[in-house]
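Written below as structure tokens is the structure these notes are about.
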Amino acid sequence: MPSLNHYFKLSEHGTNVRTEVVAGVTTFLTMAYIIFVNPAILGDAGVPKDAVFVATCLAAALGTIIMGLYANYPIGMAPGMGLNAYFAYAVVLGMGVPWQTALGAVFISGCLFIIVSVFKVREHIVNGIPHSLRVAITVGLGLFLALIAMKSAGLVVANPETLVRVGDMHNPHTIMAIFGFLLIVTLDRLKVPGALLIGIVAVTTLSFFFGGNTFHGFVSLPPSITPTLLQLDLGGAVHMGLFNVVLVFFLVELFDATGTLMGVASRAGLLVNGRMQRLNKALLADSCAIVAGSVLGTSSTTAYLESAAGVQAGGRTGLTALVVAGLFLAALFFSPIAGVVPAYATAPALLFVACLMLRDLVDVDWSDTTESVPAAITALVIPFTYSIAHGIAFGFITYAGLKLLTGQARQVKPVVWVIAIVFLIKYTYVTA
């Protein structure tokens with residue numbers, strides 16, 4: 001296909017149409033779990049699950065199409081894990097913010113992301129944040145996801161004396177969730193494509209026999225997206241003063257997108273002198289997808305690290321991304337399957353993703369307590385306060401404070417001082 005070869009520069013990247021298609025299918029299988037997980041998480045916050053299913057597929061397809069056609073990278077996009085949990089459990093349920101207003105905050109963070117991408121100030125912000133805090137935010141997100149996953153699986157339940165305790169280990173739902181987790185880890189170790197998706201499907205299948213689940217068919221027309229389409233409340237987000245919420249969305253989106261894009265591009269051999277030649281285009285694709293996703297009715301969309309599976313299968317260009325997008329659109333017609341997936345079936349996938357996010361702890365310099373302690377504080381405060389915002393705030397304030405008290409203030413970049421002072425003012429003068 002000469003036109004595809006010319007547009008995506010297949011020959012230049014040492015690939016062909018067949019290889020790109022296989023890579024696209026591989027990437028889709030590894031990230032398709034989000035079709036089931038995202039509606040389950042946002043549904044807990046009161047967002048209509050059927051509409052979220054449609055919004056998830058459309059946002060993923062749209063963002064991935066932009067990534068493929070505009071940036072020409074083999075990277076799939078979809079609503080990000082961690083941020084959807086923050087959206088649902090911390091902002092909506094924890095802070096009592098209406099989900100429409102939370103979508104408004106996502107929209108604003110996406111617009112900020114576009115601005116820093118267009119004016120190329122991303123590098124100044126990313127380079128200004130110490131590596132230890134960037135790692136800690138990822139680890140904290142992982143711990144936060146792990147707590148949510150174990151709660152959904154019934155492994156952890158509330159206790160008035162000890163705050164939490166182990167759940168009923170004889171509950172069929174909990175047993176199936178444990179089985180699903182072990183299955184996912186085993187399949188991943190054996191390098192089976194789509195391990196997370198297979199785990200979710202396996203537990204869902206068992207739920208019909210042991211969990212009282214009922215079957216509603218395989219295929220149907222897509223549900224209506226009307227309940228979430230254009231429901232974002234920008235005025236409410238501004239009126240409620242959700243600065244810290246927007247800041248958390250923005251910072252995590254920025255670090256997550258940059259790290260994922262660089263990681264996948266490196267795996268694909270697409271870095272030139274250690275840099276992505278079209279990084280700004282990729283970031284613009286990412287930020288546009290965030291804005292579009294909030295309009296459609298889902299939490300922040302981001303580049304997926306699972307795209308590395310497609311790269312491993314030979315994907316090198318945006319054609320791989322287009323295949324992924326096409327499969328997300330095809331998934332719209334399988335909403336009955338998504339509707340019967342119970343929370344304890346998606347919990348194993350959440351817990352596995354959480355475990356993978358903890359591996360970044362090795363990158364912290366534990367010999368320097370002015371680096372390691374703020375990192376530890378950030379990672380610990382996020383799950384224990386059930387708030388990513390508080391974790392980031394405590395981390396930045398601790399980092400700046402320790403550097404100041406130990407005579408290392410000059411090592412702290414201006415962006416860290418700004419964020420730390422803003423959070424400090426918020427805790428001092430804002431009671432809510």
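The values are calculated or read from the model by the stated rules, or taken from the named source; none is laboratory data. Predicted model, so just to flag it, every value in this text is computed and none were measured. Quick reminder, even Gly has a Cβ in these numbers, built from the backbone with ideal geometry, and neighbours come from all protein chains shown. These area figures cover heavy atoms from the full protein model, side chains too; ligands, DNA and RNA do not enter into them. Shrake-Rupley method; radii C 1.70, N 1.55, O 1.52, S 1.80 Å.
Annotations for the structure displayed:
- Cβ charges +1 (Lys, Arg) and -1 (Asp, Glu), total dipole of the chain, debye: 660
- Modelled FRET efficiency - R0 25 Å, residue 157 with residue 385, Cβ distances, 0.05 increments: 0.85
- Karplus-based coupling profile of the range 190-205, in residue order and whole Hz: 8, 6, 7, x, x, 4, 5, 5, 4, x, 5, 5, 4, 5, 4, 4, with θ = phi - 60° in 6.51 cos²θ - 1.76 cosθ + 1.60 and x standing for Gly or Pro.
- Highest-first arrangement of 165-178, 55-68, where packing means the average Cβ count within 10 Å: 55-68, 165-178
- Carbon + sulfur, % of accessible area of the chain - ligands and nucleic acids excluded, 1.4 Å: 67
- Ranking 22, 209, 357 by Cα position along the charge dipole of the chain, where only Lys, Arg, Asp and Glu carry charges on their C-beta atoms, puts 22 farthest toward the positive end.
- Charge-dipole axis of the chain as Lys and Arg at +1 and Asp and Glu at -1 on Cβ define it, positive-most pick from 175, 11, 114: 11
- Applying 0.36 nm per residue to the separation of residue 7 and residue 421 and subtracting their alpha-carbon distance, the gain on full extension is 144.2 nm.
- Qualifying chymotrypsin sites (Phe, Trp or Tyr not before Pro) for the range 164-213 [loop in DSSP, other Cβ within 10 Å: at most 11]: none
- Accessible area per residue, Å², the chain with all protein chains present, probe 1.4 Å: 42
- Modelled label reach - residue 69, point 7 Å along Cα→Cβ, the range 8-33 residues with backbone N closer than 19 Å: 8-10, 21, 24
- Positive end of the dipole of the range 307-419 (Cβ unit charges, origin at the Cα centre): among 373, 396, 416, the Cα lying farthest that way belongs to 416.
- Remark on residue 167: its backbone amide H falls under 5 Å from those of 156, 157, a criterion applied only to residues 5 or more positions apart or on other chains, H modelled at 1.01 Å from N.
- Rounded to the nearest 20, the Cβ-based charge dipole of the range 334-432 about its Cα centre (Lys and Arg +1, Asp and Glu -1) stands at 280 debye.
- Additional length obtainable on full extension of the chain from residue 333 to residue 166, 0.36 nm per residue less Cα span: 56.3 nm
- Karplus-derived 3J(HN,Hα), 6.51/-1.76/1.60, for each residue of the range 72-80, Hz, glycine and proline x: 6, 10, x, 10, x, 10, 5, x, x
- Which listed pairs, of 49/281; 9/281; 120/413, have C-alpha distances above 21 Å, in listed order: 49/281
- The range 125-262, relative contact order [Cα under 8 Å, separation at least 6], %: 17
- As a rough guide to protection, the peptides 130-141, 150-161 ranked by mean Cβ packing within 10 Å, highest first, stand as 130-141, 150-161.
- Listed peptides 106-118, 223-235, 42-54, 315-327 by packing density, highest first (mean Cβ within 10 Å): 315-327, 42-54, 106-118, 223-235
- For the pair residue 405 and residue 18, label points projected 7 Å from Cα toward Cβ lie 6.5 nm apart.
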